[in-house]
1. Can you tell me which residue within region 34-50, out of those that are of a type outside the set (D, E, K, R) and part of a helix (DSSP H, G or I), is surrounded by the fewest Cβ atoms within 10 Å (Cβ to Cβ)?
2. Checking Met87 against (1) modelled with pLDDT under 80; (2) over 15 Å from the mean Cα position of the chain (by Cα): exactly one of these is not met. Which one?
3. Under 6 Å between Cβ atoms, which residue pairs at least 6 apart in sequence (or on different chains) link something in region 43-69 that is aromatic (Phe, Trp, Tyr) with a partner that is surrounded by 11 or more Cβ atoms within 10 Å (Cβ to Cβ)?
4. Pull up region 62-84, narrow it to residues that are closer than 14 Å to Ala22 by Cβ and hydroxyl-bearing (Ser, Thr, Tyr), then point me to the one that is modelled with the highest pLDDT.
5. Can you confirm whether region 3-14 contains a residue that is surrounded by 10 or more Cβ atoms within 10 Å (Cβ to Cβ), at pLDDT 85 or above and within 14 Å of the chain's Cα centre (by Cα)?
Amino acid sequence: MDIIKKKNMSKIDFHVHYLPKAYKEVMLKYCGERPDDFPTPDWDAESHLEAMDCLGISTSMLSLSSPHINFGNYFQIDSGRASTRKMLCVYSQDCYNLINL
């Protein structure tokens, strides 16, 4: 890390899973606490920005955490495609708000 600071280089994190509040609520409802056999972590922009600063990361590429927008048969039971589109709009707005912090 010292050589990066000395050369005035920037780090980019290309693999950041973020969990918008609305997404996490739906995921917990349909997939439980361990959707991929791992506990669902807490995530907030302020903590992430602090970690980036601590690690010298200038840019993070956000990616919606798994299981992404497809909840398989779980979500089809509820309201299907309309709900998926609505969730996608909420996540997109949340991501837009993060970019404009």
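The values are calculated or read from the model by the stated rules, or taken from the named source; none is laboratory data. Values in this document were obtained by computation on a predicted structure and should not be read as measured data. Note that we place each Cβ from the backbone using ideal geometry, even for glycine, and neighbour counts take in every protein chain shown.
1. Checked region 34-50; the qualifying residue surrounded by the fewest Cβ atoms within 10 Å (Cβ to Cβ) is Ser47.
2. The one condition Met87 does not meet is (2).
3. Taking only residues 6 or more apart or on different chains, the pairs are Trp43/Tyr18; Trp43/Leu19.
4. Ser65
5. Yes, region 3-14 contains at least one residue that is surrounded by 10 or more Cβ atoms within 10 Å (Cβ to Cβ), at pLDDT 85 or above and within 14 Å of the chain's Cα centre (by Cα).
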